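Right, one structure below, let's go through it.
Bear in mind that the values in this text are calculations on the coordinates, not laboratory data. As the structure is a prediction and not an experimental result, all values here were calculated from the model. Cβ: placed from backbone, ideal geometry, glycine included. Neighbour counts: every protein chain shown.
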Amino acid sequence: MIHRNRREMMVLLAAVSLILLAAVTIAGANVYGDAMVTDFSRKNLPPCLEYPFGTDFMGRDMFVRTIAGLSVSIRLGLVTAAFSAVIAFFMGMAAAVLGKTADGLVSGLIDLMMGIPHILLLILISFACGKGFWGVVIGISMTHWTSLARLIRGEVLQLRESNYMKIAARLGHGKLRTAMVHMTPHLLPQFITGLVLLFPHAILHEASITFLGFGLSPEEPAIGVILSESMKYLVTGEWWLAVFPGVLLVGVVLLFHILGQGVLLILDPERAHE
Amino acid sequence: MKLEARNITFQYDNGNRQILNRANLTIESHERVGLSAPSGFGKTTFCKILGGYEKPDQGEVLLDGKPLDVYGPYCPVQMIWQHPELSVNPRRKMKTVLAEGNQIPERIIRGLGIEKDWENRYPGELSGGELQRFCIARALGEGTRFLLADEITAMLDLITQSQIWNFLLQEVKEREIGLLVVSHSDGLLKKVCTRTEYLQKP
């Protein structure tokens with residue numbers, strides 16, 4: 001076997017994760033229609049060759065439904081992570097750059113958001129926005145920018161006081177250019193890693209509030225919906241309804257985690273030799 | 001040219017004691033002035049004020065009778081810091097340090113003993129002495145008229161010290177750059193400077 005170092009292995013692993021996730025997303029989007037098909041001649045079938053994840057009480061193919069549900073989750077995670085990362089970036093920057101009052105306001109807001117249990121705030125916002133895909137997206141984005149914003153704020157505050165940025169100013173470089181040139185290599189890895197690591201949060205939260213009935217609508221093939229429906233059938237022994245979608249959800253979350261770790265390792269020059 | 005500090009009084013914003021009290025200093029272009037004082041007497045602070053990093057609470061810094069700001073974006077008074085590892089961005093390659101200076105000629109880079117392949121490394125991959133050479137080169141751009149050297153060789157071995165100082169002396173003499181040397185080492189000051197000043201206790 002060819003020997004590879006840890007860095008190469010991580011890059012390989014991250015690439016494989018990315019391909020798998022992309023495959024699930026695209027496949028799910030293509031079988032979305034099939035996931036809604038009901039056929040009462042095949043209802044409540046346990047896993048078999050034809051239906052590897054079995055079928056449910058309306059005769060829907062659970063494999064197709066799970067893939068479609070994961071696809072919805074991943075797309076939702078993508079939009080949510082992007083939204084909250086953008087909010088985090090601007091809030092963090094504002095806190096660090098716009099002076100003491102802005103800093104106090106943003107930091108206070110962060111403390112406030114972090115002080116309230118996520119799930120409660122999430123349900124409130126999602127409900128107020130009319131539930132559904134966008135309700136969930138707005139709910140999760142509004143509650144998940146805080147830790148990344150705090151990270152960016154701290155980093156920018158520290159960088160602003162750094163000798164090398166002051167020296168750049170004395171060497172006659174403009175403020176904006178100096179900030180771009182000197183801060184980007186510090187902020188970008190943090191930012192991208194934070195963004196990728198937001199995915200699993202977003203996906204799990206989507207599943208949980210949908211499970212509780214405040215997220216996506218019940219006819220959609222979403223993991224939360226599948227899991228909450230399956231609860232009713234667990235007592236009658238239809239274990240496959242919960243187990244396979246649940247395991248795959250955890251799998252997707254793990255893949256994102258690996259991807260995030262890989263990205264961090266690739267982008268951080270201080271860890272370049274690992 | 002003449003760099004003048006008049007009645008500089010300074011205290012950091014964090015409410016600590018007063019660092020400088022009515023400090024005065026004049027350096028001519030052809031001069032190399034040593035500055036010595038025990039720890040905590042404000043040598044670095046004085047350099048920061050002379051280099052425009054800090055504004056004094058009272059007093060003024062004048063270059064040929066005019067404040068530093070009027071000389072455009074590139075400050076003609078450049079400071080070399082004591083800690084090179086804090087003076088370069090750890091996430092940018094060393095060649096960006098040289099690019100940041102104002103037209104650094106190849107002569108200076110080679111004269112300081114900077115090797116070509118160092119330029120493609122990150123700061124973490126060089127030693128303190130190697131980093132300091134980059135910082136010195138960066139401060140020697142075309143527009144530099146005065147150089148403030150704040151303990152720039154304190155962490156180096158004697159051979160490297162003499163190598164760097166030999167080059168620096170030759171360079172400042174040639175270009176008529178005024179030099180302020182801060183050091184605890186009287187031997188160094190005697191060797192390098194035309195005269196030595198002592199900061200008084202505030």
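A few comments on the model shown:
- Folded to 0 to 90 degrees: helix B:158-175 orientation relative to chain B principal axis, Cα: 70 degrees
- Among the listed pairs A:131/A:232; B:43/B:201; B:48/B:201; A:166/B:93, a Cα-Cα separation exceeding 20 Å is found for A:131/A:232.
- Mean Cα-pair separation over length for chain A, i.e. relative contact order, pairs under 8 Å, 6 or more apart, %: 26 percent
- Counting only whole DSSP H helices of chain A, the ones at least 27 Å long by C-alpha along their axis and with mean Kyte-Doolittle hydropathy no lower than 0.0 are A:6-30, A:62-97, A:175-211, A:240-267.
- Computed from backbone phi, the HN-Hα couplings of the range A:46-53 come to x, x, 9, 5, 6, 10, x, 9 Hz, rounded to whole numbers (Karplus: 6.51 cos²θ - 1.76 cosθ + 1.60, θ = phi - 60°; Gly and Pro given as x).
- Spread of Cα-to-Cα distances over 5 Å intervals beginning at zero, given as percent, for chain A: 1, 6, 11, 13, 14, 13, 12, 10, 7, 5, 3, 2, 1, 1, 0, 0
- Against the empirical curve 2.2 N^0.38 Å, the C-alpha radius of gyration of the range A:178-274 lands at a ratio of 1.51.
- Once you reduce the range A:166-231 and the range A:64-120 to the center of their Cα atoms, the two points are 7 Å from each other.
- As computed over the range B:37-173, the Cα convex hull volume per residue (Å³): 129 Å³
- Projected label distance in nm at residue B:86 and residue A:101, using a 7 Å step from Cα toward the beta-carbon: 3.3 nm
- At most 15 other Cβ within 10 Å, DSSP loop - chymotrypsin sites (Phe, Trp or Tyr not before Pro), the range B:1-108: B:12
- The range A:48-184, relative contact order [Cα under 8 Å, separation at least 6], %: 24 percent
- Cα-based Rg / Dmax (Å) for the range A:53-120: 19.9, 61
- In a DSSP loop and with at most 14 other Cβ atoms within 10 Å, the GluC sites (Glu not before Pro) in the range B:125-202 are B:142, B:176.
- With each label modelled as a point 7 angstrom along the Cα→C-beta vector, the residue A:109-residue A:229 pair spans 3.9 nm.
- Based on Cα contacts under 8 Å between residues 6+ apart, chain B shows a relative contact order of 31 percent.
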